[in-house]
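Structure, as structure tokens:
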Amino acid sequence: MRTDLKITDARMLALYWLQQVIIEGKSVNQLMAESAMNDEHLPYRSLSKQLMFGCLRYYFQLKTITENLLSKPLKAKDHDITLIIIIGLYQLNYLSVPDHAAISESVELTKKINKNWASGLVNGILREYQRSKEKLADKLGRSIQFKTAHPGWMVKQFQQDWPEQADFIIEQNNQQALMIVRVNTCKISRDEYQKQLSQNDIECEQHKLAADALILKQAVDVHQLPGFLDGLVTVQDAAPQLAVDWLKVEAGQRVLDACAAPGGKTTHLLQRYQPAQLIALEVSPSRADKIKQTLARMQLSCEVQCADLIETSQWWDGVEFDRILLDVPCSATGVIRRNPDIKIHRKVTDIQPLVKLQREMLVKCWQMLKPGGVLLYATCSLLKAENEAQIQWFVDKESAILVEPPESFDRQLNHTAQMGYQIFPGELLMDGFYLCALSKPKN
Ligand SMILES: C[S@@+](CC[C@H](N)C(=O)[O-])C[C@H]1O[C@@H](n2cnc3c(N)ncnc32)[C@H](O)[C@@H]1O
């Protein structure tokens with residue numbers, strides 16, 4: 001689809017977005033942020049989002065079906081036609097759209113993108129699918145991509161790391177996550193904010209483990225959340241909210257949030273504790289700006305530094321920190337429900353470089369930690385190599401001491417990891433996340 005074509009309906013916008021994610025490599029977060037500024041998208045956004053997220057969630061399954069139905073692969077320049085078939089298959093399989101409408105709208109879409117020649121092909125493939133759905137399911141039953149809607153390497157990795165939980169992880173990854181918000185308790189209590197939501201007909205319940213979190217029954221646009229622009233609330237899953245509970249900052253301490261953008265945990269630290277100093281460090285200038293915007297909206301303040309954590313000589317004044325939050329860049333395999341594009345964008349070859357970077361970050365942060373100080377290591381990954389194996393490597397090397405978690409963790413979270421806590425997507429209504437706190441021995 002040519003990008004200069006005028007978008008005239010929801011399916012066309014979904015096709016444009018899918019092309020941006022799958023061909024251009026954009027993330028859904030980036031696309032949604034761009035689209036929020038584009039008024040032309042407004043009338044179609046809701047259905048387009050449903051179509052795009054659904055197609056990405058089931059991409060590997062729907063692509064396998066498409067490849068099987070096509071007598072020969074389409075040329076690379078006609079990838080948009082493959083995507084139209086995938087959008088059609090998604091509607092036939094997962095939405096309550098009548099079959100005839102799903103097919104005719106897909107055929108219309110070929111014309112809207114000036115590829116009339118493909119209308120017969122799209123019509124034929126979707127009708128063939130209607131006729132041979134069961135037979136095809138039997139034939140493809142042994143394909144991992146068809147069965148799990150995940151790339152094969154990822155399924156193997158989950159099975160290797162978590163043989164007992166792999167099926168649960170895969171099943172959860174194909175679900176839609178609930179919207180969870182964190183109340184800014186500097187401004188309003190969770191109980192009071194829950195009342196405000198209820199007065200605005202937004203139903204929610206309190207999260208059992210994350211003390212500031214409310215789980216919304218239905219996702220809403222952030223601007224429908226009362227006091228959003230005044231910083232009463234922010235959108236954040238419950239699992240990352242636990243990081244701040246485990247770090248336990250004492251009044252007057254010096255704290256580093258080492259990988260801070262977009263500032264979710266920075267603002268949580270500030271609303272929960274009174275550190276003498278908090279530095280929010282972020283290497284990407286545009287993402288460092290996001291921290292500043294989040295701080296401004298939530299009416300909180302701290303020092304934001306845009307620099308590379310590893311290059312300490314460029315930003316660190318040499319004074320050690322009492323607490324360090326190290327929320328490293330990772331495979332993000334724990335947040336696939338919210339970012340289904342990760343199944344497409346993440347490659348098996350990404351993992352080793354990430355593990356290497358995480359190790360370098362751990363070593364650097366340890367050098368900046370005061371004896372007796374605490375470092376909290378966190379990822380939104382499900383892979384052992386990024387999580388407990390990383391901590392095992394570090395503890396063996398550095399005589400770091402494992403810090404006891406808050407009692408509430410022990411009571412409510414499963415002990416699946418040898419060290420720290422591995423949370424699986426869907427567990428206690430949370431995203432997949434890993435946390436472990438380490439203390440540096442006093443000389
Ligand atoms: C998992 S995200 C952090 C999320 C954040 N803690 C929050 O709660 O909102 C990791 C961040 O680390 C940043 N990052 C990556 N490499 C870095 C480096 N060398 N120095 C500092 N920040 C880095 C990334 O740009 C990204 O914003």
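The values are calculated or read from the model by the stated rules, or taken from the named source; none is laboratory data. Since this is a predicted model, take the numbers as computed values, not measurements. Don't worry about glycine lacking a Cβ; one is built from the backbone with ideal geometry, like all the others, and counts go over all protein chains shown. Please note that ligands, DNA and RNA were not included when accessible areas were found on the heavy atoms of the full protein model with its side chains. Shrake-Rupley method; radii C 1.70, N 1.55, O 1.52, S 1.80 Å.
Note on the range 246-331: enclosed strands (runs of 3 or more DSSP E) holding 2 or more residues that are under 21 Å from the mean Cα position of the chain (by Cα) and modelled with pLDDT of 95 or more are 277-282, 321-327. Can A238 be described as under 18 Å from the mean Cα position of the chain (by Cα) and touching a residue at least 60 places away in the same chain (Cβ under 8 Å)? Taking the combined requirement at face value, the residue satisfies it. Just to be sure I understand, how many residues within the range 332-361 are within 15 Å of the ligand (Cβ to nearest atom), more than 20 Å from G264 (Cα to Cα), assigned to a loop (DSSP other than H, G, I, E, B) and open to solvent by 60 Å² or more (accessible area, probe 1.4 Å)? Adding up the residues that qualify gives 0. Taken over the range 388-443, the residue count meeting the criterion of being at pLDDT below 95 and aromatic (F, W, Y) is 1. In the set (1) surrounded by fewer than 17 Cβ atoms within 10 Å (Cβ to Cβ); (2) away from the ligand (no atom under 14 Å from the Cβ); (3) not polar (S, T, N, Q), V235 fails one condition alone, (2). Cβ-Cβ distances below 8 Å connect the following pairs, each with a first residue in the range 88-108 that is within 15 Å of L121 (Cβ to Cβ), a second residue that is acidic (D, E), and a separation of six or more residues or different chains: G88/E105. Of the residues making up the range 1-44, those that are buried (at least 19 other Cβ atoms within 10 Å of the Cβ), of a type outside the set (A, V, I, L, M) and under 20 Å from the mean Cα position of the chain (by Cα) are W17, Q20, S35.
Taking the criterion of being among the aliphatic types (A, V, I, L, M) and either more than 27 Å from G426 (Cα to Cα) or without any contact (Cβ under 8 Å) to a residue 12 or more places away in the chain (or both), the residues of the range 311-356 that qualify are V319, I324, I342. Residues in the range 228-245 that are outside any helix (DSSP H, G or I) and at negative phi: F228, L229, D230, L232, V233, T234, V235, Q236, D237.
Of all the criteria given as (1) in contact with a Leu (Cβ under 6 Å, 6 or more places away or on another chain); (2) assigned to a helix (DSSP H, G or I), the one not satisfied by V21 is (1).
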